[in-house]
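Step one of this worksheet: look at the structure below.
The values are calculated or read from the model by the stated rules, or taken from the named source; none is laboratory data. Just so you know, these numbers come straight off a predicted model, no measurement behind them. No Cβ is skipped: glycine too gets one built from the backbone with ideal geometry, and neighbour counts run over all protein chains shown.
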Amino acid sequence: MVTDKVMGIFSNDMSIDLGTANTIVIAKGKGIIINEPSVVAVKTNKYGKQSILAVGKEAKDMVGKTPGSIEAIRPMREGVIANFDITEKMIRYFIEKAHRRKAFIRPRIIICVPHGLTQVERKAVRESAISAGAREVFLIEEPMAAAIGAGLPVKEAQGNLVVDIGGGTTEIGVVSLGGLVLSKSIRVAGDKLDAAIVDYVKKKYNLLIGERTGEEIKIEIGTAVTLEEEIKMVVKGRDRVSGLLNTIELSSEDVRESIKEPLKEIADSLRDILAIMPPDLAGDIVENGIVLTGGGALIRGLDKYLSNIVKLPVYVADEPLLAVAKGTGKALEEIDLLQQISYE
Ligand SMILES: Nc1ncnc2c1ncn2[C@@H]1O[C@H](COP(=O)(O)OP(=O)(O)OP(=O)(O)O)[C@@H](O)[C@H]1O
Ligand SMILES: [Mg+2]
């Protein structure tokens, strides 16, 4: 349709990867325009009225460092919306920031949401986008977006297996002929690894550290396998016994030990999916291997670790942190793909 084409050119159609850790916005024809943590800093005044102080990176930098009246909130946790109101405000903020109020035509917005959202939560996401000015909202599921973004041939009659390890959830999906044939979502991903590190450091070294520090440790020296040369990091915190500030040296072996359990849960889920795989698809997976996406795919040696357990080749996608966003963005450019994979 001519009008649709014209609209396509002039509207600011966009896609949003609404992740529990990071939100990435792509504008049609422009690529990534926003890539920020899904964090909102809220100030409560003496009458109990809340106002938004910061969103994104600026807000994340406040986590664990706010005075009483300010709270840095991650409104989405474990793949679900923990705080409706703040999630809506965050979506609205990102949409408005992407627009910069230039557009006079209301955009179409594609939003990739965690797989496990309830009907009510999906409605909330859709409505916040509409109230922020969207003309039409399409929702797509994370494993599908991850597979597209990782460059897998999702429309073909062959099975491809993708494991997206985000902040809140690990989503495992088998994709074939443009649909999700099998999928599984568990609430074990980056955040659980951070928490496991915090817990380990507390128990083994009597040192109290916050979740931001847990994440920093994971990124800097986290590993799923034995390294040829173990790496170390200096960690600061508060001694649980004396209450004084203290410094310890933590090794990659420590971190591997601390994240053993959550990693095993991820591997077990992958095994569960492989166990119920229809034989014809199983043959495809043996041939194609398994692709890892999401920030969790960046943990050192995770590909090797999983490959040893399931005895299949495992690859890390290019730019795994961007895979879901790129997949969602591709649906912006290909309307037939969007129609095939989006849902109400
Ligand atoms: N180099 C790294 N090594 C290990 N983990 C990393 C690295 N970089 C980022 N991460 C982790 O990746 C996670 C964020 O990944 P991602 O942006 O894919 O999640 P998300 O899409 O927001 O979450 P979800 O998909 O669960 O809603 C965080 O837990 C972060 O700590
Ligand atoms: Mg994600």
Conditions (1) among the small types (Gly, Ala, Ser); (2) surrounded by fewer than 17 Cβ atoms within 10 Å (Cβ to Cβ); (3) closer than 12 Å to Ile165 by Cβ -> Ala323 fails only (2)
Of those in region 189-215 that are in a loop (DSSP other than H, G, I, E, B) and within 27 Å of the chain's Cα centre (by Cα), the residue nearest to Gly166 (Cα to Cα) is Ala189
Go through region 87-145 residue by residue and tally those that are farther than 30 Å from Gly173 by Cα and among the acidic types (Asp, Glu). 1
Quick check on this structure: which one of Lys30, Lys60, Lys49, Lys43 is in the same structural domain as Ile86 (by TED's automatic domain parsing) and at pLDDT below 95? Lys30
Output the number of the condition that Ala157 fails; it satisfies all remaining conditions of (1) more than 26 Å from the chain's Cα centre (by Cα); (2) not assigned by TED's automatic domain parsing to the domain that holds Pro313. (2)
Hits in region 264-273 - residues which are in contact (Cβ under 8 Å) with a residue 60 or more places away in the chain and either surrounded by fewer than 19 Cβ atoms within 10 Å (Cβ to Cβ) or of a type in the set (S, T, N, Q) (or both): Glu265, Ser269, Asp272
Residue count, region 216-249 (criterion: among the aliphatic types (A, V, I, L, M), in a helix (DSSP H, G or I) and either touching a residue at least 60 places away in the same chain (Cβ under 8 Å) or within 16 Å of ligand 2 (Cβ to nearest atom) (or both)): 1
Can you pull out the residues in region 143-173 that are among the β-branched types (Val, Ile, Thr) and over 25 Å from Ile335 (Cβ atoms)? Val163, Ile165, Thr169, Thr170, Ile172
Give just the number: which of (1) within 16 Å of ligand 1 (Cβ to nearest atom); (2) buried (at least 17 other Cβ atoms within 10 Å of the Cβ); (3) assigned by TED's automatic domain parsing to the domain that holds Leu18 does Phe138 not satisfy? (1)
